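Novice: Sharing a structure, written as structure tokens. Questions coming.
The values are calculated or read from the model by the stated rules, or taken from the named source; none is laboratory data. Computed from a predicted model, the values in this text were never measured in an experiment. Positions of Cβ are generated from backbone atoms using ideal geometry, with glycine treated the same way; all protein chains shown enter the neighbour counts. Heavy atoms of the whole protein, side chains included, go into the accessibility calculation; ligands, DNA and RNA do not. Shrake-Rupley method; radii C 1.70, N 1.55, O 1.52, S 1.80 Å.
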Amino acid sequence: MSQSEHPNRQSPSTRTPQHRGGFFKALLSDASANTLAIGAAAMVPLVAMVGGGIDASRFYMAQSRLQAACDAGALAARRAMDDKTFTDVHQGIGNGFFDENYPDGTFGLTGLQRAYNGTSDGEVKGTASGKMPTSLMGMFGYDEFDLTVNCQADINISNTDIMFVLDVTGSMNCPDDGSSCPGGNNGNTEASNARLKGLRTAVMSFYDTVELATSANARVRYGIVPYASNVNVGAELVAANSAWMASDAVFQSRWAKYDGTGEYEEVGEEITEIRNRRNESFVERIEDVVKDVGKNKCKNKYRPDDYEEMVTALGTHQGVNSQRVEGDFRYTNYTDNNETLERGEAFWSWSKNGGGANRTCTYGWDVYRFTADVDFDIVEEGDPIEFDEWVYTSLDTASPPGGSNPAGSPAGWESVNVRDFYGSSRQAQVPVGSNGAMTTLRWDGCIEEAETVATTTWDPVPVGALDMNINLVPSNRDERWKPVVNNIAWERRNSDNNAVTRDVASSERSSQSRPSYSCPRAAFRLAELENTTTASTDGVMRTRKDLSNYVNGLQGRSNTYHDIGMLWGARFISPRGIFQSSNESAPNGDAISRHIVFMTDGNLEPNREVYGTYGIERWSRRVSGDGETATTRTAHRERLQAACRAARNENISVWVVAFGNFRDPVTNLPAVPQNLTDCATPGRAYVATDSAALDKAFKEIAQKIAALRLTA
């Protein structure tokens, strides 16, 4: 190729440099030799960028892991605190949880340090730090990074309603270690280490745990429903709206049957007392003479008795003091003031006047008249109305029996006013006393449920089971609650052989069997409690001291009916139903967290001869339909599940604590019975073998309700 064929190419010897003044300038001007150098120079920022990304990623992963470990330690330490006091034990717990979550050397971290401490407000604060060596960034003078994180945890509760549903049956008097119970399994004697004593302590520990976590602007309320064979909710119902209680009720009781015409004819009068004698004067001497009478005969036969009698004719008297019937005679006692009376002062004398026919007996009265105040009986003879026999039956006060009794019979069931039980005295007159006499009975506050369906199938709840509607607001007789009244109820047995009968039973005996009865302490609705040691003077639940006094007054009695406890716990806390106006919202407008804490020490134990929330099951048969023990037990067990479902459907958390010797049938280890597990919100069932375990369980529930959380 000739030179003319490549006009722009020059030989090296003749090429002119593009840049003078140095190698890099020449390199820049030399198009044939600068590619490698440019590539090498470009690697420097590329290494910095990639190395920085790798180290930054390691840094943020280490920081995230370190923060999570710090948070875990703070939460664990705070959860372990019973109150606001932070100790070395809590420090150790925090460190232990940190170490589990961030083992030494993770991500190459060196010089790892962590520490936790508590504040006067009960918060737990923590800090963790260390140094993380770099990788590629060491080429640029960055050998390590400092890592520091902070964490803070507290328990802080917002608007919360807590309803305790507490088993106060007879077995709660038994020792918490499972040893023999004083007075038997349902004895009335509390053991020195009774489960009931452990319950009292646990409730107060629960309150104190929540109180420590309550924020200043939150509303926390407490309520309690003690239950056994009855629930005592009547006082709260009457106070809220007495129209929710029925005007008439059905009782398994008795009425008195009478006979006789009640017709009398007056036969005389008898003075019973003379008072304030005054203005006495002599009136006359009345005498008579008999001849030929010996002295002794004159004295013993003819001598009269002194007398006092009313002079005025009988008329309208000032008032009846009393009336009594003795045999065929009726005595009506009156009082008349300023009546005129005569008094006859008897005398006798005898003279012989020579004897024989001349013997003379003279006798009579010196009569005096005076004024006085007088009590006297009008005496009548006739056919009195008398008690004949008792008739034992199912008795409806809306259509009371006794129509066959004669007119004028003593007042009977027709005069009973059930609403008198809801008055301030909680008393009414009921004719179940001796021979049908009116007697004063007092209502303790326990109630009989609304109309129901006798079945063992409760999922779904059958139509007509008004009693299982936790949001029931009564508006008619079937829906209203009725009073359970001690001493009003009687069993029915055949008078010949004392065998149980559902037929009407007549008997002259007043010794028919009585059902067992027990009414626990009155339940109280949700209330805010001030954290003070002073009790309210008016008895209203307002303070911690009131709560303490209340639980200290709980007593163990009667049998175990879980369903009625859960039913009324749900009614008391539901955002709908009878207490909707006070339950559906909080004053600050924030949401309300609702919780039922259900504690029992025993399995369901209905007794068909207990007078309780559904009458006397052996005779009333409102639950079982047949009055049999097996059917009754099954029905109550399924009713419990229905009540629990109803509560959970209202977004109420149900916590269950099985307190006592509950064991898994396979492993024989402590375990919550299946029916109680099924009742609880998932994951919220506990077993406590003794009082210490119960206290621990209540505290743990309180802490979980109190929403343990990170605050920084």
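The rows are residues; the columns are (1) at pLDDT 95 or above; (2) charged (D, E, K, R); (3) surrounded by fewer than 18 Cβ atoms within 10 Å (Cβ to Cβ).
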| site | (1), (2), (3) |
| --- | --- |
| Gly627 | no, no, no |
| Ala635 | yes, no, no |
| Ala643 | yes, no, no |
| Asn649 | yes, no, yes |
| Ala658 | yes, no, no |
| Arg663 | no, yes, yes |
| Asn668 | no, no, yes |
| Leu676 | yes, no, no |
| Ala680 | yes, no, no |
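Novice: Would you mind listing the strands (runs of 3 or more DSSP E) fully within region 312-408 where at least 1 residues are open to solvent by less than 40 Å² (accessible area, probe 1.4 Å)?
Specialist: 329-351, 360-383, 386-396
Novice: A follow-up question, please. Filter region 160-211 down to the residues that are among the small types (Gly, Ala, Ser) and in contact (Cβ under 8 Å) with a residue 40 or more places away in the chain and list them by number.
Specialist: Residues satisfying the conditions are Gly170, Ser171, Gly178, Ala194, Gly198, Ala202, Ser205.
Residue-by-condition table, conditions (1) touching a helix residue (DSSP H, G or I) at 6+ places or on another chain (Cβ under 9 Å); (2) closer than 24 Å to Tyr368 by Cα; (3) among the β-branched types (Val, Ile, Thr):
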| residue | (1), (2), (3) |
| --- | --- |
| Ile271 | no, yes, yes |
| Arg278 | no, yes, no |
| Glu287 | no, yes, no |
| Asp292 | yes, no, no |
| Lys297 | no, no, no |
| Lys301 | no, yes, no |
| Pro304 | no, yes, no |
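Novice: Please determine, by comparing only the residues of region 150-183 that are touching a helix residue (DSSP H, G or I) at 6+ places or on another chain (Cβ under 8 Å) and assigned to a loop (DSSP other than H, G, I, E, B), which one is most open to solvent (accessible area, probe 1.4 Å).
Specialist: The selected residue is Gly183.
Novice: Can you name the number of the only condition in (1) within 20 Å of the chain's Cα centre (by Cα); (2) without any contact (Cβ under 8 Å) to a residue 60 or more places away in the chain; (3) not in a loop (DSSP other than H, G, I, E, B) that Asp467 fails?
Specialist: Among (1) within 20 Å of the chain's Cα centre (by Cα); (2) without any contact (Cβ under 8 Å) to a residue 60 or more places away in the chain; (3) not in a loop (DSSP other than H, G, I, E, B), Asp467 violates only (2).
Novice: Show the residue pairs that are 6+ apart or on different chains and have beta-carbon atoms under 8 Å apart, the first residue being within region 55-80 and open to solvent by 20 Å² or more (accessible area, probe 1.4 Å), the second being in a helix (DSSP H, G or I) and aromatic (Phe, Trp, Tyr).
Specialist: Arg58/Phe107; Met61/Phe107; Arg65/Phe107; Ala72/Phe97; Ala72/Phe98; Leu75/Phe97
Novice: Please list, ordered by first then second residue, the pairs with beta carbon atoms under 7 Å, 6 or more apart or interchain, first in region 569-585 and at pLDDT 95 or above and assigned to a helix (DSSP H, G or I), second of a type in the set (Ser, Thr, Tyr) and open to solvent by less than 10 Å² (accessible area, probe 1.4 Å).
Specialist: What qualifies is Asn583/Ser574.
Novice: Still on this structure: So, in region 594-609, of the ones that are open to solvent by 40 Å² or more (accessible area, probe 1.4 Å) and among the polar types (S, T, N, Q), which residue ends up nearest to the chain's Cα centre (by Cα)?
Specialist: Asn603
Novice: Here's something else I'd like to know. Filter region 603-621 down to the residues that are without any contact (Cβ under 8 Å) to a residue 60 or more places away in the chain and among the acidic types (Asp, Glu) and list them by number.
Specialist: Scanning region 603-621 gives a single hit, Glu617.
Novice: A follow-up question, please. Residues being small (Gly, Ala, Ser) and over 17 Å from Ser129 (Cα atoms): count how many of those fall in region 57-111.
Specialist: 5
Novice: What tally of residues in region 81-114 results from selecting those that are farther than 25 Å from Ala702 by Cβ and either modelled with pLDDT under 90 or open to solvent by 40 Å² or more (accessible area, probe 1.4 Å) (or both)?
Specialist: The total comes to 15.
Novice: Specify the residue that is modelled with the lowest pLDDT; the eligible residues are those in region 559-568 that are closer than 15 Å to Cys446 by Cβ and not in a helix (DSSP H, G or I).
Specialist: Restricting to residues being closer than 15 Å to Cys446 by Cβ and not in a helix (DSSP H, G or I), the top hit is Asn559.
Novice: To continue, here is another question. Can you pull out the residues in region 277-299 that are loosely packed, with under 11 Cβ neighbours inside 10 Å and out of contact with any Ser or Thr (no Cβ under 8 Å at 6 or more places or on another chain)?
Specialist: Ser281, Phe282, Asn296, listed by residue number.
Novice: Continuing with this model, one more query. Answer yes or no as to whether Asp503 is part of a loop (DSSP other than H, G, I, E, B), among the acidic types (Asp, Glu) and either open to solvent by less than 50 Å² (accessible area, probe 1.4 Å) or at pLDDT 90 or above (or both).
Specialist: Against the criterion (part of a loop (DSSP other than H, G, I, E, B), among the acidic types (Asp, Glu) and either open to solvent by less than 50 Å² (accessible area, probe 1.4 Å) or at pLDDT 90 or above (or both)), Asp503 does not qualify.
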